[in-house]
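This report refers to the structure that appears directly beneath it.
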Protein chains: 4
Amino acid sequence: MTLDLSQYMVRTDLALEAKELAERMHGAPIPGLNEDITEDDGIKVTRLDVLNESASMQIGRVQGHYVTIEVPALRNQDTGLQERVAATFVTEFTGFLDKIGITEDKKVLIVGLGNWNVTPDALGPLVVENALVTRHFYQLAPDQVAPGYREVSAIAPGVLGTTGIESSEIVQSIVERTKPDVIIAIDALASKSLDRLNTTIQIADIGIHPGSGIGNKRRGLTKEILGVPCIAIGVPTVCYASTIVNNTFDLLLKHFDQEHGGAGSGQTKQIMGLITELSEQERLGLVKEVLQPLGHDVIVTPKEIDEFIEDIANIIASGLNASLHKAVNADNVGAYTH
Amino acid sequence: MTLDLSQYMVRTDLALEAKELAERMHGAPIPGLNEDITEDDGIKVTRLDVLNESASMQIGRVQGHYVTIEVPALRNQDTGLQERVAATFVTEFTGFLDKIGITEDKKVLIVGLGNWNVTPDALGPLVVENALVTRHFYQLAPDQVAPGYREVSAIAPGVLGTTGIESSEIVQSIVERTKPDVIIAIDALASKSLDRLNTTIQIADIGIHPGSGIGNKRRGLTKEILGVPCIAIGVPTVCYASTIVNNTFDLLLKHFDQEHGGAGSGQTKQIMGLITELSEQERLGLVKEVLQPLGHDVIVTPKEIDEFIEDIANIIASGLNASLHKAVNADNVGAYTH
Amino acid sequence: MTLDLSQYMVRTDLALEAKELAERMHGAPIPGLNEDITEDDGIKVTRLDVLNESASMQIGRVQGHYVTIEVPALRNQDTGLQERVAATFVTEFTGFLDKIGITEDKKVLIVGLGNWNVTPDALGPLVVENALVTRHFYQLAPDQVAPGYREVSAIAPGVLGTTGIESSEIVQSIVERTKPDVIIAIDALASKSLDRLNTTIQIADIGIHPGSGIGNKRRGLTKEILGVPCIAIGVPTVCYASTIVNNTFDLLLKHFDQEHGGAGSGQTKQIMGLITELSEQERLGLVKEVLQPLGHDVIVTPKEIDEFIEDIANIIASGLNASLHKAVNADNVGAYTH
Amino acid sequence: MTLDLSQYMVRTDLALEAKELAERMHGAPIPGLNEDITEDDGIKVTRLDVLNESASMQIGRVQGHYVTIEVPALRNQDTGLQERVAATFVTEFTGFLDKIGITEDKKVLIVGLGNWNVTPDALGPLVVENALVTRHFYQLAPDQVAPGYREVSAIAPGVLGTTGIESSEIVQSIVERTKPDVIIAIDALASKSLDRLNTTIQIADIGIHPGSGIGNKRRGLTKEILGVPCIAIGVPTVCYASTIVNNTFDLLLKHFDQEHGGAGSGQTKQIMGLITELSEQERLGLVKEVLQPLGHDVIVTPKEIDEFIEDIANIIASGLNASLHKAVNADNVGAYTH
């Protein structure tokens, strides 16, 4: 789990949020960004390309391609919806591979980051468990592998606290030996927004960039380090108590603004005080300042996390299996996951 | 898990909080309350007796005996501390049984409320799994049971959503047939305070009183219903997002009061606005009003819940085993739990 | 798990085996038995009715209706086959309910016997976890339940060693209170034959009859005890080491008979010795005599038991859901199981 | 799990069995073997050194040091006994490290072979989960690590079917990068003897040698391959059905020999037939010949495997923690395992 340890910063892990934030501040569309949004019965897909260095700097996101699948109702555990999300994932991920030039002959290494024994952090290992791996067949008898498959391997490297070794070091050493053409890394994220918990999947070809805060000398999984492209699939599964508080402040502000004739009417400020004049970042800093010394800035996850994690892991694993192997399709995809 | 569904109410599940709240409003000690507090190196024990109807009404808690063990550092997973908490539990629970007249010959039925498959709600079933049950030996050959034991049975009745039957109906029917002398019910609670999550154990001889909100026709586990006394052991393991927000408001108020020369200085009000004039209850109502329509008043639990639940279940199970059976002591208590 | 503790006896838990055995000894079809066998691409279904007391005595099985689904390849974990077995289960179980007169308005209590924490014994609890229960909706607002459902509740009573209470006592007391019209009890069985492990499902309207051996005062789940019919669904998941040895002796005998011109050629006896002259029962007695004092008559289960149990529990749970509720069908049955 | 796929061979994985077998055939002690046996209240420890190539060839075991801890009663789940076994493990493992020259400054990589999701194969991953790893502290701030510890890392590489990569390839690539001085590999074994299941622990400085059968191109974990010594800790947790049958034949033979005046009296042969004249190997071949075509040579594990695996993993993990870190001792060893 990539916890952003950088204090006092409203850093969003999701590119589409960063873009919105930047455009709000900028007051106009930012050149060098290409955005395409489709929405279908509760499933919103945003495809965002950060095309040049200038756009990258303005939104504070690495240059690359981002696809975000947002499904606010995903926490309702509706099987029909889950199947539609899985189908959307297949379409989007297949398109994504095409777009960034990962052809059907490319060898894939799936990396499931996180910890088996901490439920909200078990997403990566669960996906690995259900991924359809084939590399050993290609190693043993490449001629005998049926058409419609590609060479896929998978690893759950564990977490630093359990192994004593950085995940990135483990992955790097396996990459050097097994020579995959592309890495797909799955990770549970800390959310910057309560409503994204277990409802959003982000796909991006930018790898894993560890936070830059103190105590975080992890080296990340990027093309620079690994020598091959790394696609990151991230799902927010936890958030800080302070995130919840900060989100609620926002909602309260909007609530009073609406009730009292719009922002700037002065009413909201009367009700909520000078706090309304703080930037979101300053407010979060204030909340953290109060919560942290008491040990109250706890990282939390929804009560139903056991099922949420299992559901999303299934969506991603079956989605990857169908995207990576042409021979796997809607009719047989269930056969490869548990 | 007993979730308090009664909306817009700062109902605390813990008697010691209710007493504090009442005395603050009352401005003086309340007659009919007997309180005894000891503190030992990070473990605070509060023994509170609610002696008469008048005191009961004033603090809004059923007449009875309450013991609360508070261990703020319990979330740090320090094994030494856990062992000391288990020892404290044995001392307090043994004393509690004495006080309410449950002698060594009384037959016990342990009831583990909650759901195996929802980690923060699995406390009860986990305690049952590790309880030392003996009833079957007494049924088979009562003469051959070694001294130092008593008749104990245990049941995890499951939850309404999985069984279609109220836990209380299941327990009632088993009580009618097996005729225990006393029930000990273990339940995970929704906390009214972020800092109590997985750090507090309450023992009370008042049974389980389900919330009185809509949709909550559960009948509870009380002496009136069961015909025998019911001791409730509760541990807060989840809380609402709105609880976190409300707790933080309090901390912010205190923070500004301290910074600016005490409550009533006017400064805090300037910073925090009219919201400071709301009662805690009104404020919580406001927060819920904003969060609930958006589906954001999520019930959350700490990220590390898997280990927390296991640790506390072990403390309670080994504590019960040593309290209920004289033959079980510090040297062999581990033999009965996993 | 109903372990047959009756020593030195080739007792088979499966009626179709008892019938074969009896007819072999009898040398002719037994009157009062009605058998109907169909086979479809690896799934063999035997419907056996034991119609009168005389037939019952001759095959040593309680009068009643038995359906056995045998799928030798079920251990291969082929998802397609599993789905076909689930469909077969629905057809057969629906027919079975019809045959014994359980109409669509009858209220059902599903009982999942066994132990959560012992994988090969977790079948019953796993089925309960995935059963679609509805009783609470009927209790709360019977008018508002959509058509196509019936009243179903479910309980996993635990095992004697964990609860100190006989499962049958727990079920009996719940039956008295909740008044279902029929019980469906799911249990993992000890197999009398290695090849039946996790490949056979027996449905019978005879309830659960505990073994009559020493130490086995369990009272069973039968119409006599419960007052309502009890359908038992059993799956062999474990067997004794002695069962494996005895099965292999048989195979060796057949092997040598085939090689050397049929039984009675004298050759087999020369190779296998006087042991060939023992009855199956005597031979099993001998094997147990040798293994037991050394603690070697271990109860074993296949190495892959974790997945086998999950697969079969899914087949039975989804099969029950579709059989009991008309509104559940092939398209949505997956929505109710995990 | 290292399943020996080499057909029709009584290959024992345990050196002490190989030695016995060889000496029985040889009729005299074999030079170049050093054996030292101690026995203490149900715990038998055999220390066997295979000192030269000639001895190695005669017993068919790699030259090296072997310690075997045999505890027939370990399956009884007696906590007291488990603690004594853990203490014995510490003494023996510490002595073993001394003997083979692994001093306190040597860096260790613990490798937990096997599969999380297959209970009898989860021993290795469970040990890794409970191992006290420290490498990251040494990497971050070597000066600040308290005395009494050494640099330990740990990895559970997964199994070929889940990763598509040989465990040995994964370990090799991590060794190349992290440069440990010694590997400790934990593996669940297929037993050649029913009574060894979950009762025997073998420690040997010979690494992991995969079977040489068809389909088994795994490369092993040996000093030759890894460049550093590899200590293997193996526990038999499964066996073939054919192993059970063959063991029972032996017991039957002994049984009749004893009854009828010793081996060679002719009586046993009369009872058991020509089969008595087969060598153990021939007999096993015969049994496999009969069972395999029917798919009956199932690999089995005791019914209680969930608890057995957890207990032995705890013994080994706490034993390793105390052996590798001087600062960990009997009083605090529990603090590092779950």
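Taken together, the values in this text are just the output of simple stated rules run on the coordinates, not laboratory data. Every value quoted in this text rests on a predicted model; they were computed, and no experiment measured them. Neighbour counts run over all protein chains shown; Cβ positions are idealised from the backbone, glycine included.
Values computed for the structure shown
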item: Most mobile listed residue (A:284, A:294, A:194) in chain A, GNM with C-alpha springs under 10 Å; result: A:294
item: Closest approach to the A/D rotation axis among chain A Cβ atoms, residue and whole-Å value; result: A:173, 2
item: Label geometry 7 Å along the beta-carbon vector: residue C:30 inter-copy distances in nm; result: 5.6, 7.2, 8.1
item: Cut-off under 5 Å, modelled amide H: who pairs with residue A:208 long-range; result: A:221, A:222
item: Table column - 3J(HN,Hα) (Hz), region C:34-40, Karplus curve with 6.51, -1.76, 1.60, x for Gly and Pro; result: 10, 10, 9, 10, 10, 9, 9
item: Proximal lysines relative to residue A:44, as straight alpha-carbon distance under 24 Å, when same-chain residues fewer than 8 apart are discounted; result: A:19, A:99, A:192, A:254
item: Which of D:98, C:105, B:311, B:181 has the fewest Cβ neighbours within 10 Å, and the rest in rising order; result: C:105, D:98, B:181, B:311
item: Relative contact order %, chain A, counting alpha carbon pairs below 8 Å whose residues are six or more apart; result: 22 percent
item: Cβ-placed point charges (K, R +1; D, E -1), dipole of the protein assembly as shown about Cα centre in debye, nearest 20; result: 0 debye
item: Built amide H within the under 5 Å cut-off of residue C:77, gap 5+; result: none
item: Cα gyration tensor category, rounded, prolate or oblate, for the protein assembly as shown with a/c compared to 1.5; result: prolate
item: Position residue C:307, label points 7 Å along Cα→Cβ, spacing to each other copy in nm (shortest first, one decimal); result: 2.6, 2.7, 3.1
item: Which listed pairs, of A:106/B:303; A:303/C:179; A:269/B:288; A:223/A:288, have C-alpha distances above 25 Å, in listed order; result: A:106/B:303; A:303/C:179; A:223/A:288
item: Given charges at beta-carbon only (K, R positive; D, E negative), |dipole| of chain A in Debye; result: 720 debye
item: Gaussian network model of chain C, Cα within-10 Å springs - most flexible of C:30, C:315, C:201; result: C:30
item: Inter-copy label distances at residue A:274 (7 Å, Cα→Cβ; nm, one decimal); result: 2.0, 10.4, 10.4
item: Estimated vicinal HN-Hα couplings, Hz - region D:173-181 in sequence order (Karplus 6.51, -1.76, 1.60; Gly, Pro = x); result: 5, 6, 4, 4, 7, 9, 6, x, 8
item: Given charges at beta-carbon only (K, R positive; D, E negative), |dipole| of region A:243-294 in Debye; result: 60 debye
item: Residue order, fewest to most surrounding Cβ atoms within 10 angstrom, among A:93, C:96; result: C:96, A:93
item: Selected from D:209, D:296, D:260 as most flexible by GNM, with chain D as the system and alpha-carbon contacts under 10 Å; result: D:260
item: Between region A:306-323 and region D:33-60, the alpha-carbon center distance in angstrom; result: 50 Å
item: For region A:106-179 and region B:224-259, distance of Cα centres in Å; result: 43 Å
item: Spatial separation of Cα centroids for region A:278-302 and region B:187-202, in angstrom; result: 20 Å
item: Cα gyration tensor, region A:80-201 - rounded (a/c under 1.5), prolate or oblate; result: oblate
item: Among D:193, D:141, D:321 - extreme Cα towards positive end, dipole of chain D, charges at beta-carbon; result: D:141
item: Relative contact order of region D:243-294, defined on C-alpha pairs under 8 angstrom at six or more residues apart (%); result: 33 percent
item: Ranked by how many other beta carbons lie within 10 Å on average, peptides C:106-119, D:132-145 from highest; result: C:106-119, D:132-145
